[in-house]
Amino acid sequence: MTTETLQNFRRSGYCGTYTMKNVGETISVCGWVQRQRNKGALIFVDLRDRTGILQLSFNPDTPREVFEKAAGLHSEYVVAATGILRERESKNPDLATGDVELEVTELRLLAASETPPFEILEDLQANDMLRLKYRYLDLRRPNMQKAIQTRHRVTKVVRDYFDEQGFFEIETPMLTKSTPEGARDYLVPSRTHPGKFYALPQSPQQYKQLLMLSGFDRYMQIVRCFRDEDLRADRQPEFTQIDLEMSFVTADDVMEIQEGFLKRVFKEILDVDVQTPFPRMPYSEAMARYGSDKPDTRFGFELCDISDLVKDCGFGVFSGPVSEGGSVRLINLKGFAADFPRKKIDKLVDFVKTYRAKGLAWARLIDGGVTSSYQKFLTEGENAAILERAGASDGDVVLIVGDAKDEVVFAALGALRVHCAKELNLLDPKVFHFLWVKEFPMFEYSEEDGRFVAMHHPFTAPLDEDVEKLETDKLGCRAKAYDIVLNGTELGGGSIRINTPQMQETMFKALGFSAEEAQERFGHLINAFQYGAPPHGGIAYGLDRLCMLMAGAESIRDVIAFPKVQNASEPMTACPDVVDQKQLDELGLALNLAVLEKKTEE
RNA sequence: GGCUCGGUAGCGAAGUCGGUUAUCGCGCCGGCCUGUCACGCCGGAGAUCGAGGGUUCAAGUCCCUUCCGAGUCGCCA
């Protein structure tokens, strides 16, 4: 079958836009053949473009050569058709254009197609690898088209809203200086400076702070960022941030303007009204109540501390953690005892072990009785006190984790409450619970480095009342940092920054950098701050995560046109890949074969 | 790096206790059909059961190794 060019063909509109009001018009559409149904003397072709499907019809009155051309069409052929829009004899209520069809008088075959490796269907069940290898076909599917379009509309709202609020969009470099704090950098070798490397930005953090110093006052950017770390459903090595910074603001000012943005974007894209202001919760409260710094507040199952009740009990599994400085805490799956028979609870025991918990104690209150994994080790009074503290009554399941490290208890129970809620179908993706988590700890201790590191980043300002603690009580020192959390996902995070060289110096000292080290790594920022930096702060959102939640997707891959798979490769182009020796020579690079061999063996 | 789950025609799946020619749906090819729209009917092709090794008279099925994917822990200031 020979293909044709467009010649004098002019598209009159998109397939999905034609309805009864256009009946009688001569129209011209083009797109891909979704399906051809040949009834012998009648042929129907579903023509698809990004707006939807329009049925083309061919009958005995159709010019013969057009009819024969239609008979030769197959899936994914690209055609242009002209004809008269008619009301259908038998209508299809499932289709937006189901009342009409195009009675074709002219048909051009613009491109044929091989049989695609999978059908272009809305609810395709194909494995991710295949979809990504043929991503250009995967993206033809209506739900992918919708997701990518939604992403476009979100970024449009971002630009509109922040423009209205006086923000300038300013681009920052992609080739930057590697900074050792934080995630692993992607490195780019320099040809003009042999042996030296650029790094791709993990975020434009320092540049945007310098823009504040330059007086731009309100900055925004939709910007690609890079982190060479392992992938997750919500983490890609390259991802997009909505990056913002403002001068002369407090944390509350920043949060307020973000609430305006989120309210706007949810209204415009999903027609969902979200209530502002969002609840604001200190980090310590989030951990104590939910065991997480990004709690999903769509359901209860809050944590409950029973350390004081069991610290002197005769059961070492409970008393041990408390005496070693940890805690024993529980969650109560209120009213769900029937959903968690013994077998299911055993699976929960395995579940918490992935979070390094040593085990899971439980009590099941059903039919007026109590069965429990631990009650025989405790006195009657102790047992009663625990259930009372848990607020447990008949029909409940109480799940208890104790550990010498609070972080293990929090991680295990925090994950467990979400896991159980998921199993119980309590997570409605159409309900949106926003939450600000604020007053994060300034520091955390890094076992790997054997020192304190900044939890957020080293430019974050401490709470005014905690400045003294930079020296005296690092773990008790809180930062002017805040995260925006939506349904248990960290959508974004930010802080008020340090704006004086004195405070920045104190901070570097607290992190254990000598003056020389600080100068070498962050000299540009330290020097700049000698020249009058305004108080400033900002936030950065994960655009991919925002779009994922708004699209109801399970993974950010679904809202990224060309994402990477778990080993950070890209199946369609098969990158990363080897390069020519000539390219290496030009950069003065040699592969260390001994190291590569060892890596391959591992 | 660890753990869990998965890999069977182009796609999605089934395959029991190890036993004849590996099953089903979609798609594909050929034929028929004047109102289909997940069209229908008739016929057909298409599989080194991810790869390698082992046990066995016999392996998709059991064992070992390995590759690939997904989820997750570590990691991600």
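The values are calculated or read from the model by the stated rules, or taken from the named source; none is laboratory data. Remember, predicted model here, so these are calculated numbers, not experimental data. Don't worry about glycine lacking a Cβ; one is built from the backbone with ideal geometry, like all the others, and counts go over all protein chains shown. The protein model used for the area step is the full one, side chains on, heavy atoms only, and it has no ligands, DNA or RNA in it. Shrake-Rupley method; radii C 1.70, N 1.55, O 1.52, S 1.80 Å.
Some points to look at:
- Within segment A:283-298, the set of residues being open to solvent by 20 Å² or more (accessible area, probe 1.4 Å) and either of a type outside the set (S, T, N, Q) or in a helix (DSSP H, G or I) (or both) comprises A:Y283, A:S284, A:E285, A:M287, A:A288, A:R289, A:D293, A:K294, A:R298.
The rows are residues; the columns are (1) within 15 Å of RNA strand B (Cβ to nearest atom); (2) over 28 Å from A:L139 (Cβ atoms); (3) open to solvent by 10 Å² or more (accessible area, probe 1.4 Å); (4) at pLDDT 95 or above.
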position	(1), (2), (3), (4)
A:T17	no, no, yes, yes
A:V23	yes, yes, yes, yes
A:Q34	yes, no, yes, yes
A:R50	no, no, yes, yes
A:L85	yes, yes, no, yes
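- Within segment A:120-133, not a single residue is β-branched (V, I, T), within 14 Å of RNA strand B (Cβ to nearest atom) and open to solvent by 60 Å² or more (accessible area, probe 1.4 Å).
- Screening A:V66 on (1) at negative phi; (2) within 12 Å of RNA strand B (Cβ to nearest atom); (3) open to solvent by less than 30 Å² (accessible area, probe 1.4 Å) shows it passes everything except condition (2).
- Qualifying positions in segment A:255-289 - closer than 17 Å to A:G488 by Cβ and without any contact (Cβ under 8 Å) to a residue 60 or more places away in the chain: A:E285, A:A288, A:R289
- So A:L213, is it more than 12 Å from RNA strand B (Cβ to nearest atom), under 17 Å from A:H524 (Cα atoms) and open to solvent by less than 60 Å² (accessible area, probe 1.4 Å): yes
- Qualifying residue in segment A:522-533 (condition: of a type outside the set (F, W, Y) and without any contact (Cβ under 8 Å) to a residue 12 or more places away in the chain): yes
Each row is one residue, and each column tells you yes or no for (1) touching a residue at least 40 places away in the same chain (Cβ under 8 Å); (2) touching a Ser or Thr at 6+ places or on another chain (Cβ under 9 Å); (3) surrounded by 15 or more Cβ atoms within 10 Å (Cβ to Cβ).
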| residue | (1), (2), (3) |
| --- | --- |
| A:T379 | yes, no, no |
| A:V398 | yes, yes, yes |
| A:A461 | yes, yes, yes |
| A:E465 | no, no, no |
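- Checking each residue in segment A:496-527 for being among the polar types (S, T, N, Q), loosely packed, with under 13 Cβ neighbours inside 10 Å and within 15 Å of A:P180 (Cβ to Cβ) picks out only A:S514.
- Within segment A:228-282, tally of residues that are within 16 Å of RNA strand B (Cβ to nearest atom) and either crowded, with 16+ Cβ neighbours inside 10 Å or closer than 28 Å to A:I498 by Cα (or both): 14
- Filtered residue count, segment A:208-243, keeping only those that are farther than 17 Å from A:E169 by Cβ, out of contact with any strand residue (DSSP E or B) (no Cβ under 7 Å at 6 or more places or on another chain), part of a loop (DSSP other than H, G, I, E, B) and not polar (S, T, N, Q): 6
- For segment A:550-575, a residue qualifies if it is assigned to a loop (DSSP other than H, G, I, E, B), more than 7 Å from RNA strand B (Cβ to nearest atom) and of a type in the set (G, A, S), and the qualifying residues are A:G552, A:A553, A:A561, A:A568, A:A574.
- Close pairs from segment A:549-576: first in contact (Cβ under 8 Å) with a residue 60 or more places away in the chain, partner more than 8 Å from RNA strand B (Cβ to nearest atom) and polar (S, T, N, Q), Cβ under 7 Å, at least 6 apart: A:L549/A:N487; A:L549/A:T489; A:M550/A:T150; A:A551/A:T150; A:I556/A:Q236; A:I560/A:Q236; A:P563/A:Q236; A:K564/A:Q236
- Segment A:422-447, subset of a type in the set (A, V, I, L, M, F, W, C) and within 15 Å of RNA strand B (Cβ to nearest atom), residue nearest to A:E554 (Cα to Cα): A:L427
- Hits in segment A:148-176 (condition: in contact with a helix residue (DSSP H, G or I) (Cβ under 8 Å, 6 or more places away or on another chain) and open to solvent by 60 Å² or more (accessible area, probe 1.4 Å)): A:R153, A:Q165, A:E169
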